[in-house]
Amino acid sequence: MTILVTGATGNIGRKVVDELVARGATDIRALTTNPAKADLPAGVEAFNGFIGKPETLDGAFEGVTSMYLAPYEPTAAEVLQRAKDGGVQYVVATSGSAHWQALTDTILASGLDVTVLGPGEFMENFAGWAGQVAEGVVREPYPDAGSAPISMGDIAAVAAALLTAADRAPHVGEVYELTGPAYLNRVAMAAAIGEGIGRPVRFEQITREEAEEQLRPTMGDMASWYLDLQKSSIEWKQQPNELVQQLSGRPATSLAQWAAANRELFSA
């Protein structure tokens, strides 16, 4: 009973492979356009293909009963139809609400047994603070903006747990909004990263204009959208939940724990 992991070179997909191996799965096929970059564990079958090019998927679904689907809206409907025609019975997909809603609707309408994982803000996004953290000061315009950030490793752990579950029935058709263990505003986020890396990191408020100027070189027009999203989180606070622990069997990673495990990202 083969489990297919799409996007196996990606940030979450690669972690799904590791989590499946850790759970004892022995028949894993990893879809990737670069097997060498994926550096797959021994015994994992590499299949050269990309969900963005469905024509590369001929043979990918042979013997596959379940699949992790990476988020890629343009070809999702065709990939899911190919999976269904190929005999896949169950899909765990990363998607969500808001700007991911169209993809979620496509997944739920596929006619397959599916579970959708809708994570909030990724802890990995804080790698974008690296230069500021190295200086000990994070500068942004909205100190009261916040979220319950989640690590990609925890998303992968949930996906692997569902893909290997003895009874998937309770999860079919569900959209699980995954969060980290705690709501943190931006001030608390900076402090948590400081706690994790073992040196103080403080927050300094700057103007919206200064923030856009700071972000535009790397984010372009997305800088304004990113700051709008932060601002909206002041009013619409994301409530943390315990779904990671309930679904994967292990506690969700805190931001301080994640920072400690990724200390090299914030080296001066």
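Applying a DSSP loop filter and a limit of 16 other Cβ atoms within 10 Å to the chymotrypsin sites (Phe, Trp or Tyr not before Pro) in the stretch 212-268 leaves TRP236. Highest mobility in the GNM of the chain, judged by mean-square fluctuation with C-alpha springs under 10 Å and restricted to GLY59, GLY173, GLY146, is found for GLY59.
Report, in degrees rounded to the nearest 10, the 0 to 90 angle that the Cα long axis of helix 73-85 makes with the longest principal axis of the chain. Roughly 30 degrees between the two axes. Accessible surface for the stretch 117-186, divided over its residues, is 31 Å² per residue with a 1.4 Å probe. Summarising the amide proton neighbourhood of VAL137: residues at separation of 5 or more, or on other chains, whose placed amide H is nearer than 5 Å comprise ARG202. Here the chain is treated with +1 on each Lys and Arg Cβ and -1 on each Asp and Glu Cβ, and its dipole about the Cα centre works out to around 460 debye. Apolar share of the accessible surface for the chain: 51 percent from carbon plus sulfur atoms, 1.4 Å probe.
What is the magnitude of the charge dipole of the stretch 228-268 about its Cα centre, with +1 placed on the Cβ of each Lys and Arg, -1 on the Cβ of each Asp and Glu, and no other charges, expressed in debye to the nearest 20?
On the way: 4 positive and 4 negative charges, 19 e Å.
With only Lys, Arg, Asp and Glu charged at Cβ, the dipole is about 80 debye.
A simple rule links phi to the HN-Hα coupling: the Karplus curve 6.51 cos²θ - 1.76 cosθ + 1.60 with θ = phi - 60°, which for the stretch 231-238 gives 4, 5, 6, 5, 7, 9, 6, 6 Hz, with x for Gly and Pro. For the stretch 68-198, compute Rh as the Kirkwood radius over C-alpha pairs and then the Stokes-Einstein diffusion coefficient at 10 °C and 1.306 mPa s; write the answer in µm²/s, rounded to an integer. Stokes-Einstein gives a translational diffusion coefficient of 96 µm²/s.
Put simply, the amide H of THR115, placed in the peptide plane, has neighbours under 5 Å in VAL91, VAL92, ALA93, GLY173, leaving out anything fewer than 5 places away on its chain.
Average accessible surface for the stretch 189-268: 63 Å² per residue, computed with a 1.4 Å probe over protein heavy atoms with every protein chain in place.
If the chain linking LEU229 and GLU135 were pulled fully straight, counting 0.36 nm for each residue of separation and taking away their Cα-Cα distance, it would gain 31.3 nm. Taking the chain as a Gaussian network of alpha-carbon nodes connected by springs under 10 Å, the highest mean-square fluctuation of the residues GLY120, GLY111, GLY180 belongs to GLY111.
Counting only protein heavy atoms and a 1.4 Å probe, the stretch 1-113 has 45 square angstrom of accessible area per residue.
Across the stretch 60-69, computed HN-Hα scalar couplings (Karplus, 6.51 cos²θ - 1.76 cosθ + 1.60, θ = phi - 60°) run 5, 9, 4, x, 7, 9, 9, 8, 9, 10 Hz from first to last residue, x flagging Gly and Pro. Normalised by the number of residues in the chain, the average gap of Cα pairs under 8 Å and 6 or more apart makes the relative contact order 18 percent. Across the stretch 137-154, coupling constants 3J(HN,Hα) worked out from phi with the 6.51/-1.76/1.60 Karplus curve, θ = phi - 60°, read 9, 9, 10, 8, x, 10, x, 8, 5, x, 6, 10, x, 10, 7, 4, x, 6 Hz, and Gly and Pro carry x. Put simply, the amide H of THR179, placed in the peptide plane, has neighbours under 5 Å in ASN241, LEU243, VAL244, leaving out anything fewer than 5 places away on its chain.
For LYS53, the lysines whose Cα comes closer than 18 Å to its Cα, not counting residues fewer than 8 places off in the same chain, are LYS84.
Listed by chain and number, the lysines whose C-alpha is less than 18 Å from the C-alpha of LYS15, apart from same-chain residues fewer than 8 away, are LYS37.
The values are calculated or read from the model by the stated rules, or taken from the named source; none is laboratory data. Keep in mind it's a predicted model, so treat the numbers as computed, not measured. Positions of Cβ are backbone-derived with ideal geometry, glycine not excepted, and every protein chain shown enters the neighbour counts. When the accessible area is computed, the model is the full protein with side chains, heavy atoms only, and any ligands, DNA or RNA have been set aside. Shrake-Rupley method; radii C 1.70, N 1.55, O 1.52, S 1.80 Å.
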